[in-house]
1. Is it true that residue A:185 is among the basic types (Lys, Arg), more than 15 Å from DNA strand B (Cβ to nearest atom) and without any contact (Cβ under 8 Å) to a residue 60 or more places away in the chain?
2. Could you grab the pairs with beta carbons closer than 8 Å, sequence gap of 6+ or different chains, first residue in region A:261-272 and in the same structural domain as residue A:236 (by TED's automatic domain parsing), second one basic (Lys, Arg)?
3. Scan region A:275-285 residue by residue and report those that are away from DNA strand C (no atom under 16 Å from the Cβ) and either within 17 Å of residue A:64 (Cβ to Cβ) or open to solvent by 20 Å² or more (accessible area, probe 1.4 Å) (or both).
4. Just to check your reading of the model, which residue among A:344, A:327 is hydrophobic (A, V, I, L, M, F, W, C) and over 30 Å from residue A:389 (Cβ atoms)?
5. Output yes when any residue across region A:394-401 is closer than 25 Å to residue A:51 by Cβ and not assigned by TED's automatic domain parsing to the domain that holds residue A:47, and no when none is.
6. Can you run down the residue pairs with Cβ atoms below 8 Å, 6 or more apart or on separate chains, where the first is in region A:303-323 and closer than 20 Å to residue A:94 by Cβ and the partner is away from DNA strand C (no atom under 11 Å from the Cβ) and small (Gly, Ala, Ser)?
7. Looking at A:369, A:290, which one is open to solvent by 20 Å² or more (accessible area, probe 1.4 Å), outside the structural domain of residue A:382 (by TED's automatic domain parsing) and either in a helix (DSSP H, G or I) or closer than 27 Å to residue A:82 by Cα (or both)?
8. Show the residue pairs that are 6+ apart or on different chains and have beta-carbon atoms under 9 Å apart, the first residue being within region A:38-53 and farther than 12 Å from residue A:19 by Cα, the second being exposed (fewer than 14 other Cβ atoms within 10 Å of the Cβ) and at pLDDT below 85.
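The values are calculated or read from the model by the stated rules, or taken from the named source; none is laboratory data. Model, not experiment: these values are computed from the prediction. Note that each Cβ is placed from the backbone with ideal geometry, even for glycine, and that neighbours are counted across all protein chains shown. Surface accessibility is based on the protein's heavy atoms, side chains included, excluding ligands, DNA and RNA. Shrake-Rupley method; radii C 1.70, N 1.55, O 1.52, S 1.80 Å.
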Amino acid sequence: MAAEPTRPPSQETASLVKRLAGPSTGKAGLAKDQEDINRIIADVSKGSKFYENEKKKDKELTKKIEHILHLRDELTKRPGVDLPKIEASLRKLESERDLSQTIVHFDLDSFFASVEVLNDPTLAGKPFIVGGSVVSTASYEARKYGVRSGMASFIAKKLCPQLITISHGFSDYSEMSHKVMAICKRYDPSLCPAGCDEGYLNITAYCAEHDLSADECVEHLRSAVFAETKLTVSAGIAPNTMLAKICSDKNKPNGQFHLPFNSEAITSFMRDLPIRRVPGIGRVSERLLESIGIKTCGDIYTYRATISLMDKQFGLLHLLRTHLGIASNSVQPPQREERKSIGAERTFPPLADKQKILEKLDEVCVELESDMEETQWTGRTITLKYKLDSFEVFTRAKSHNRWISKKEDLFAVGQELLLPELPLSIRLIGLRVTKLKDLREPDPSIGIKRFFETTNSSSPNKKRKVSPSRQDELNGDPPIEDDTLPTLLPLFQSDGPQNTEPTSSRSVKPDSEAPRETHTCPVCEKEVTTENQTLNEHLDLCLNRNAIRQVQGEIKPVKLARAAPKQGDIWEQWMKKASGSKRT
DNA sequence: CTTTCAGGT
DNA sequence: TGGGACCTGAAAG
């Protein structure tokens, strides 16, 4: 074996070499010899199935970029860029900038690795990783060699032969995580965890009550965490969550960074910020933006005309907000009803035998059933996911008119989706349930129902909006009992948290006199008389209007994928891992 | 609407 | 030896 990487026929494109280095490369500060490191990674990877798949994906992205550039050139030929309108948007955004809230993002420094050092102090100062076949966390020593989370462990070993590997001790992490979260919660009871080792706080009230500056408050927090857990934490202080998150990286490890709370400072902070630092911009979006010249958030302004022409692809408004450093400043614990899906999946050495594959499917079903049971969800559409030994991923889904949560049902549906695909050689199988129903809150639409009830009580036209497919509900399957006007519900919810529910509808029922009561329409907030006819007509109209507005894209369409804003329930995931795994 | 897929963490 | 597991939202049909 030649230890020296010979570098002749390396035909990788720069983008592929970079891609192979892994998703987290480039997010944090990269080593000076990153080029060499990437070269080694590419050489070690060469020829593997994983490598070939990455190459294929890279090629597809390159093609997509060509297409985008072509489209840009076509669009540029014609007029149609309304620069004054963009300026107006910017002014409007600027005028709405809210600097009144002090938001903190905190982030434990190499969390898993730090916990392991506490368990075994002899690890301190050594290059080691926590992980299995994939690196979860690399110690700072290991990072010097280019080892990064998400990297295959055997690659990490190549980069750093003396690397020590520690397997996960999830129960330890969970315990520490809970401690840290509890401490942070003292500063804001509405803390929003963003993983096991990070989270957001709004410390505005705490600072006011304790007569503290934001810096002092965060210093307190960090020293409290250290005193009580011996873990160091970094933090960012800024007027919104996006900025706070970026700032928490600024003085890592064991530091904090406070962005000045004024428009000029923020705008100049954004100007040179690499677009990749923005939460939600991953390596694909980075490349897409780079292709039209955008490397930093300042470039967004420079290329605003291009973005505007390609609003559909890039999402002008969101990028303008990013350029200005404007984002949400509300910090809320994740709401249960925000969850959209629940699933389980498993990777294993490639399998081609039908029986063995079905065994894996069964394992997944068992796990999923218990998750759904614990968290009290059921759902009606099932998605099967499988990954070939070539690393290509496929999904197959089917919706049903019944609620599914038992492992037998999951297995039956999963099998039904899988069998037609065989024969296959696969390395992963997973199931995901969507179109969820919350078994904990049997009737989440109580407010809405109440609204209809109080207004419709004596009405014979009660059957409005009964789903048409209801009739052909078949063969003794338990029907979906909870008819919550499925098409209407999202509209009410999407109205935002402020605007909770029609409080007026609750109090209106004197029941005797007052023949002409009015309600506040939950959609447009106009006053409407409660006569059935009028009310229903109004609602139909109003709901329709909203639906049309959405379709017409007044609600932003974006091709640049956005990060999952708030993941379902990260917390439960961690609880699960902690309880389900023991160190071996 | 339902299914498939890409993207991010 | 060895390349994860979650989740969301948009595109496509």
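1. Numbers: among the basic types (Lys, Arg): yes; more than 15 Å from DNA strand B (Cβ to nearest atom): yes; without any contact (Cβ under 8 Å) to a residue 60 or more places away in the chain: yes.
Considered against the rule, which asks whether it is among the basic types (Lys, Arg), more than 15 Å from DNA strand B (Cβ to nearest atom) and without any contact (Cβ under 8 Å) to a residue 60 or more places away in the chain, residue A:185 comes out as yes.
2. Final answer for the pair search is none.
3. A:277
4. Details: A:344 fails: over 30 Å from residue A:389 (Cβ atoms).
Unique residue meeting the criteria: A:327.
5. Pass one, region A:394-401, residues closer than 25 Å to residue A:51 by Cβ: A:394-395.
Keeping just the survivors that are not assigned by TED's automatic domain parsing to the domain that holds residue A:47 gives A:394-395.
Among the residues of region A:394-401, at least one is closer than 25 Å to residue A:51 by Cβ and not assigned by TED's automatic domain parsing to the domain that holds residue A:47, which makes the answer yes.
6. A:303/A:293; A:316/A:89; A:316/A:308; A:317/A:89; A:320/A:89; A:321/A:327; A:323/A:298
7. Step by step, each of A:369, A:290 is checked, and only A:290 is open to solvent by 20 Å² or more (accessible area, probe 1.4 Å), outside the structural domain of residue A:382 (by TED's automatic domain parsing) and either in a helix (DSSP H, G or I) or closer than 27 Å to residue A:82 by Cα (or both).
8. These pairs meet every condition: A:40/A:5; A:43/A:5; A:43/A:6; A:43/A:7; A:43/A:10; A:44/A:5; A:46/A:10.
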